[in-house]
1. Do you know which residues across region B:51-98 are over 30 Å from A:Met264 (Cβ atoms) and among the hydroxyl-bearing types (Ser, Thr, Tyr)?
2. Quick one: would you say A:Glu211 is open to solvent by 40 Å² or more (accessible area, probe 1.4 Å) and within 11 Å of another protein chain (Cβ to nearest Cβ)?
3. Does A:Val87 satisfy the condition of being among the hydrophobic types (A, V, I, L, M, F, W, C), surrounded by fewer than 21 Cβ atoms within 10 Å (Cβ to Cβ) and part of a helix (DSSP H, G or I)?
4. Filter region A:408-418 down to the residues that are among the aliphatic types (A, V, I, L, M) and open to solvent by less than 10 Å² (accessible area, probe 1.4 Å), then identify the one that is nearest to A:Asn521 (Cα to Cα).
5. So A:Ser240 ticks every box in (1) touching a Cys at 6+ places or on another chain (Cβ under 8 Å); (2) more than 10 Å from chain B (Cβ to nearest Cβ) but one. Which box is left unticked?
6. Here are some conditions: (1) free of Cβ contacts under 8 Å to residues at least 24 places away in the same chain; (2) touching a Leu at 6+ places or on another chain (Cβ under 6 Å); (3) aromatic (Phe, Trp, Tyr). B:Phe93 meets all but one. Which one does it not meet?
7. Identify, by number, the condition in (1) open to solvent by 10 Å² or more (accessible area, probe 1.4 Å); (2) among the aromatic types (Phe, Trp, Tyr); (3) at the interface with chain B (Cβ under 10 Å from one of its Cβ atoms) that A:Phe158 doesn't meet.
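The values are calculated or read from the model by the stated rules, or taken from the named source; none is laboratory data. In this text the structure is predicted, and so the values were computed from the model without any measurement. Reconstructed Cβ throughout: ideal geometry from the backbone, glycine too, with neighbour counts over all protein chains shown. With ligands, DNA and RNA removed, areas are computed over all heavy atoms of the protein, side chains included. Shrake-Rupley method; radii C 1.70, N 1.55, O 1.52, S 1.80 Å.
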Amino acid sequence: MKEKNQKEILSRILKELKPYSGWIVLSLICAIITVSQTLLIPILIGRAVDCIAARGKVDYSGLIMNVLYMGISIGVTCLFQWLMNRVNNRITYSVTKALRDKAFDKMQKMPLSNIDGHGHGDYMSRIVSDADTFADGLLMGFTQAFTGVMTIVGTIFFMIKISPSIALIVILLTPLSLLVAKFVAKNSYRYFKEQAACKGEQTSFVEEVIEQNDVVRLNAFEDEAIAIFDEKNQRLTKASLSATFYSSLVNPSTRLINNLIYAMVGVAGAIMAIGGKITVGQVTTILSYSNTYAKPFNEISGVITEFQNAIACAGRLLEMIDAPCEIDEPKEKLGQVSGRIEFIDVSFSYTKDKPLIEHLNLTVEPGQRVAIVGPTGGGKSTIINLLMRFYEVDEGRILIDGTDIRDIARDELHSNFGMVLQETWLKEDSVKRNLSLANKDATAEEIIEAAKAAHAHSFIKRLPKAYDTMLVDGGSALSQGQRQLMCIARTMLDLPPVLILDEATSSIDTRTEQKIQSAFNKMMEGRTTFVVAHRLSTIKNADIILFVKDGKVVEQGNHAFLLRKNGFYAKLYQSQFEET
Amino acid sequence: MKFVARYLKKYKAQAILAPLLKMLEATFELLVPLVMANIIDRGIHNQDFAYIVKMSGVLVLLAVVGLGVSITAQYFSAKVAVNCSADIRRDMFVKIMSLSTGQQDKVGTDVLTTRITSDINQIQNTVNMVLRLFLRSPFIVLGATIMAFIVNPKCAIVFLIVVPVLSLIVYLVMKYTLPRYKQIQKSLEGVMKAVSENLEGVRVLRAFNCQDSEKDIFFGKTKDLADMQTTTGSVAALLNPVTYVVVNLGIVGLLLFSSKQVDAGTMLTGEVVAIVNYMSQILVELIKLANLIVLLMKAFPSAGRVEEIMNMANDERVHGKNANDADNFDIVFENVSFQYQDASEPAIENISFSIPEGSVFGIIGGTGSGKSTLLHLFYHDYDATEGKITLGGQNINEFEDSHISNIYGVVPQKATLFAGKVRENLSMKSHMDTSDETMREALRMACAYDFVMEKEGGLDAKVERNGRNFSGGQRQRLTIARGLMGDPRVIILDDSASALDLVTEAKLYKNLLGMKHKPTIIIVSQRASSVKKADQILCMEDGHVVGLGNHETLLKTCPTYEEIYYCQYPREGGSE
């Protein structure tokens, strides 16, 4: 995926927001009306005050007029502010949903290399928090900045209209409070960084100690752990105090500046009022402006950081949404297949500079078994990736019943393959729905039938709600072996002509392993099978053994042939399976 | 929350002073409109320049003193919040350290970690905010009302209507939205889970062609979320406009009321301005108070969760009086059964065997056969539900935990290390010989000497978090070396050679058997090859002993053992 620069992101964002342009315009209109009406109120109050000049000098008709205006203005403000809030909500939540859906849709279509090459947490945070931050930051930030600027401009305009010289005092001095705020924030940032570092250190220590509580206890390490913790805790306390205190200085110090401005405006206003240049009501209007004038500045400076953050988030999210899709251009229909698989001169590598599979030729007749053997981490799964077209070959062709797998729709290809992997993944859903993943219309009888064939029925029926039991956290309540039996049952329900199986390693106990083995054997009958094999019996009985090392197929042939060859396979066989 | 108050006591002076000072600052703020009123009514009205300048001096003084007071208050509240939570954090850590295995397992390690970190952070923030705002905001609302009464009691009646109405509106909106925000959060977590599940199961989902149905499910989830947000948002959207209306109508009311009084001469214009100002102040503070209440609502569960840990019983086990120093280290299990607290069936049942000091004892069985439970009972992590376990003839209950940890050298199943240095990992037991030579010897015995010495610093080589800068096999050998430190009388290897190749494993066992002080060696494994040479092998299945004897005897008498063995060493002919 290509990273975009700021300008590209902005134009891309605009494109994304286009369907909402009507709503956005409406929101802006509401904002203009709300702000102008809000600014009108201090003026109306000032005029009203002037109507109440002194004993016996009350201009009732003027007062009523002003109060009437106020009432209208209040009503209009209320209506449009409410409308603006609703519209903004609508835009924000719809945009967030649309972006999330688009990103998720792309996730279903992007090549697996994109998913494998990325931390899962990264995509998760793009779809969940980046979408939120973008919508909140950009749209809310935008309205806030817009109303903020409007408020400032409006305030300056009205203040100058009343008294240019007092307006000048306010305009010139207000930036002072911003400078102070910035100064404090800059200094407290240093302490926040220190606090974060101390916190991180303490957290990882606590995690370590709690995770390894058995080691701690069996070594009577408790007192020493407490001593280490104390030292870290003291450092954190010190850093935390500085950070908390310094950051809490922003409000009091900006308030001081604003209060001083207020005092100056008060004096200047009063003096001018004595000179008869302005009225008492105008003094109150301008005082109330000077109180509210500073607020949008603080908001806008916050908005700018939020804005940049939002654009960064949008960039990450849009990068995902604009990522290329898997190529899926079916030219042929496959129909019923017998399960003949051919690799013709196949070459493949994950990265250009590290060639892996080179010129692999392999013919598997229908019903034959292929055992993929080799050291852990040697790249046995690469063959699976290519067969399922999770990754595309760089050169050569893979044929199923004589048809290039690239000429078939992925859906059709996949429906001809059954796959049971060692990483037993189950959905957070009921047992029943997990088993019927391949065939959503399966009847209860069919599901039980498949579970029985996979030796899974006996433990499933003992679960709290049997087939309706909800599996949480990927079925963490089940043992690893039981999960694998579930995965087998899932594939059993709709057995395709070609199977890809991954034998479990030692983490499963012997009894369960035997059950799995027997289920595997049942599945393999009459089907072309690729097995990532660990068990000697599987390997020995295979028609073809592929020995994979460092990602490459280094040997190919049956058991007897490879033993005679006395190469890698023979060595592995002797070291792992023969009694010394 | 009560227990937080207990911690506040230690900082009583500051905890009381901070809000009081905030109230003082608020008082200064409340004085400003009054000063302004005087400027208008006396300064402007009497054209008294000197008075205006004097009063503006008062305004400046109020601002400056206000700053001083407020900074002091901020400092006090930061200090109280930070120190208080540091104390809670420490006590909680001490508490965690004192919990028995059973108690820790009951809570779970993840839960303990989040409670000592994020929950306590939440408490810290809340204490800080409460000290700063909780008294200040209501004080200003109340103070503004009182000041209004001082200025003009008749007009102030408007306050008695506006303040309750505003409070009611804020309350109603919060009552509606707060629980819904919680639901929204939950729904968002559901969306997150769906993404994570899809990423993890991407191969399976694609293999089963489930992309479209997954999309439908996901779109449904995001729709539910957006709908919930919109409904909640439409109520939250009312808060600002409606409160705005109430306050400004209040101002309209004040203007109308006061006009009559000014006309009658019972009120001055400046006083009208002051009283209008007081009305405007109320709204801001009520909103602040509402936000604070939201914060408090979040903090309550956090405090409750922390308190729950603090109030746990440390230990559910029986402890007798101290055992004497044993003169032998024979281990005997007599008809021992054990059942976990919430389990419906015993994890192990009626187990008997005896391990003479200096012998080699193997324990074999599949996952779930009860091996780990048995080991827990060896070190008295739990009390046996039935039967008796003795160490050197004395009941295991009579030993102190630290005493037991000196007798045993345990190498746990999971090979984990602490971040730090190799040296620190080897010298965890505090009262033992930790000279370089002892450590080197332990490393040699564990076949770990060579690779440690190849690392930069040797014994002082860096160990990263979880020991990830060492390979699995190296980590395992380091934990074995750790288990051998201090010449323990009983060495327990809990499936600890699983990542070692056969040659290294053989060498390790040879080293262990050659140890001068002849410790008892207990080997737990799923592999028959690891226990084959033991003096006695205990074969377990489903929590029961299905065989006890040496390799040859078990092959003949114990079908389970036979099965495990031939699974790894196929009989000639290679059939199953």
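1. B:Ser77, B:Ser85, B:Ser98
2. It is true that A:Glu211 is open to solvent by 40 Å² or more (accessible area, probe 1.4 Å) and within 11 Å of another protein chain (Cβ to nearest Cβ).
3. no
4. A:Leu413
5. (2)
6. Answer for B:Phe93: the failing condition is (2).
7. (3)
The rows are residues; the columns are (1) crowded, with 20+ Cβ neighbours inside 10 Å; (2) hydroxyl-bearing (Ser, Thr, Tyr); (3) closer than 22 Å to A:Pro296 by Cβ.
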{"residue": "A:Leu10", "(1), (2), (3)": "no, no, no"}
{"residue": "A:Glu16", "(1), (2), (3)": "no, no, no"}
{"residue": "A:Ser27", "(1), (2), (3)": "yes, yes, yes"}
{"residue": "A:Ala31", "(1), (2), (3)": "yes, no, yes"}
{"residue": "A:Thr34", "(1), (2), (3)": "yes, yes, yes"}
{"residue": "A:Leu40", "(1), (2), (3)": "no, no, yes"}
{"residue": "A:Gly46", "(1), (2), (3)": "yes, no, yes"}
